[in-house]
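Enquirer: Have a look at this one.
The values are calculated or read from the model by the stated rules, or taken from the named source; none is laboratory data. Bear in mind that the values here come from a model prediction, so they are computed numbers and not experimental data. Here the Cβ positions follow ideal geometry from the backbone for every residue, glycine too, while neighbour counts run over all protein chains shown. Heavy atoms of the whole protein, side chains included, go into the accessibility calculation; ligands, DNA and RNA do not. Shrake-Rupley method; radii C 1.70, N 1.55, O 1.52, S 1.80 Å.
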Amino acid sequence: MSGGHRCKASGMTHVEWPAIKQRPCAPATPPVGREEPELGHTHTRAQSGRQAAMALLSCPRRHPSISHLIFFSVYLLFATILPILDGLALGGDGLYREILRDETVLRLKELGKISDGEGYLERTFLSPASIRATDVIISWMKDAGLTTWVDQMGNIHGRFESANSTKDALLIGSHMDTVIDAGMYDGSLGIICAISALKVLKVTGKLQRLTRPVEVIAFSDEEGVRFQTTFLGSAAVAGTLPESILQVSDKSGTTVQDVLKLNSFEATSASLGQVKYSPESVGSYVEVHIEQGPVLEALHYPLGVVKGIAGQTRLKVIVDGSQGHAGTVPMKLRRDPMVAAAELVLTLERLCKEPNKFLTYDEECGCFTEESLAGLVCTVGELLTWPSASNVIPGQVNFTVDIRAMDDKVRETIVTSFSRLVLQKCDDRLVDCAVEHKVCLNDRRSTSPWSLIREVFVRSPVLIGLGRSMFAACGGGDTMRRGADR
């Protein structure tokens, strides 16, 4: 979904971008050159729903309103549940705007006000605001007819299991934690959309006709703000969370184990093992998420579907030089780590903007192709100096590096190449450098989502004719942990 709110990591990369066309303000009709699908009489209600959705996009403004975008997102998620219902027939126009749009928007605003910060949104792992948000989300899940519980990592679960359902479940969800000064749609959208979709089934009496269990999960931690290690919640569900994570501490020295015990969790390796879902118990996982980049907004499209999720590596570069007085050390005698760090940042930018100038690829040898290099993004998001005074040449400079790519070999080669260039540049400037991998949980391999959401996106009679795009996602998400476990 497109949107202009703060993002934890932007970077949607080009894969298939249809041409942009301005829609006239007119009754909903198929775009020129695209045939109306043969739906038959059994799809008349869904067809009227598509026409209503098309009409929302035919107004003269440049972009649909945020409430319309949210509505499209919830309806898309709702459509993913249809294949596991036994002969669902929607009433009216099949849109249920009072739940799928109006109530969803109100709940997003309500959750967006639950914050640890004054005047901005901040809700980190098991913080006071997170505990308050837990109570609210549980009440919404119960309102949708779901059985609720909180697991040993603080993840919130809401599940419905009909009498004739199979063993493997459809999991839907996202994360409830936020970055500092976050947008209210990040994570929350995926949780509330899922609850809204299931609530429609409840009020229409269709929930009992589900042929598979459906479970909504609000993951306790995805951002990794508090402990600088991402995906605590979904990694526990996927069974990839190491026991050592309990001893990781935040800036105040409080460990993950301390925080869990403070909130009445057991905080043992055995309790973490209880959170894991076996692969056989999960049929598929779907996550609706706001776009954390400019692609859909630039295309004027309300929806997109992810073809794959980029792998990511996080590094810390340490540059040591000679600390000195700004007014008394001659320029030719300086070993300035700040200048060296600046050159390294520019080197990283050139490496990732024009990798073909640094790397060799040959189709015959099966090495890098232009397609494999597409979507590569690199970021320096944090830079610290010591002693950080205006009249002192720094003695040390540290900065972070975030490298993401859809092709794992490309990412790994970029990491190796940058590390080599760091040592080379530092030798040239007579400073000492080291490149460290940050906590291993942040080193993520790329994943390819299941086909269910793509099939719904392409075939849904309500969504046919709407502007839409398929792209790779370079922002992290809990889908990465579910995908890595399959």
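Enquirer: How much accessible area does LEU106 have with a 1.4 Å probe, in Å² rounded to the nearest 10?
Expert: Spelled out: LEU106, probe radius 1.4 Å, area about 120 Å².
Enquirer: Starting from the range 293-386, pick out the GluC sites (Glu not before Pro) whose DSSP state is loop and whose Cβ has at most 12 other Cβ atoms within 10 Å.
Expert: GLU363, GLU364, GLU382
Enquirer: From the alpha carbon gyration tensor of the range 310-443, can you work out the equivalent ellipsoid semi-axes (sqrt of 5 times each eigenvalue) and give them in Å, largest to smallest?
Expert: 32, 15, 11
Enquirer: Using only the heavy atoms of the protein chains and a 1.4 Å probe, how would TRP386, TRP140 rank by accessible area, largest first?
Expert: Order by accessible area, largest first: TRP386, TRP140.
Enquirer: Could you work out Rg/(2.2 N^0.38 Å) for the range 245-290, with Rg from alpha carbons only?
Expert: 1.57
Enquirer: Let me ask something else. With all protein chains present and a 1.4 Å probe, how do LYS353, LYS276, LYS438, LYS199 order by accessible area, largest first?
Expert: Sorted by accessible area, descending: LYS353, LYS276, LYS438, LYS199.
Enquirer: A further question follows. On the full set of protein chains, 1.4 Å probe, figure out the accessible area of CYS426 and give it in Å² to the nearest 10.
Expert: CYS426 exposes around 0 Å² with every protein chain in place.
Enquirer: Taking the full set of protein chains and a 1.4 angstrom probe, give the accessible area of GLU280 in square angstrom, rounded to the nearest 10.
Expert: 140 Å²
Enquirer: Could you give the semi-axes, largest first, of the ellipsoid that matches the range 255-388, computed as the square roots of 5 times the alpha carbon gyration tensor eigenvalues and rounded to whole Å?
Expert: Result for the range 255-388: semi-axes of 39, 30, 17 Å.
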